[in-house]
């Protein structure tokens, strides 16, 4: 099949042109352009291209119409994300504070406080007794102990020792496993 026959088979619109006209189309760029653009396949191609261009322009206009809303939503989302991050950081701080507060109420810490309080109570009652004994043993008449002073000392000392012994009992029970802490 010759080149001319193949050309005419693919573009039947050119069949009315003679061989000389075809050679002239190839020789003259302006004539070539005019003939090329008159072909149905080219017209359909340009029509499809124009339709796609119009569709793209329509989509672009639609996207531009949504642009302000998208920027607003982006800003709101950014603000919400930053607020969430701030709240997350605040949550971590509050958890740390809560842990520190709860630390004072753990069984181990409470047992430690009980032991310290027991030792302090023992020391305080012994200090009171020593002070009273020094006061009673002194030869100075102004410091002599009266019956009321003895009664006051005995009452205070008994209360202090009573607290001390209660704390010792609680500590002993704790050590023997008789104290149970619930987390509710």
Can you tell me how many residues within segment 156-184 are out of contact with any helix residue (DSSP H, G or I) (no Cβ under 7 Å at 6 or more places or on another chain) and assigned to a helix (DSSP H, G or I)? 9
Selected residue [out of contact with any helix residue (DSSP H, G or I) (no Cβ under 6 Å at 6 or more places or on another chain) and modelled with pLDDT under 95] from 88, 93, 83, 97: 97
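The values are calculated or read from the model by the stated rules, or taken from the named source; none is laboratory data. These figures come from a predicted structure and were not determined experimentally. Glycine gets a Cβ as well: all are built from the backbone with ideal geometry, and neighbour counts include every protein chain shown.
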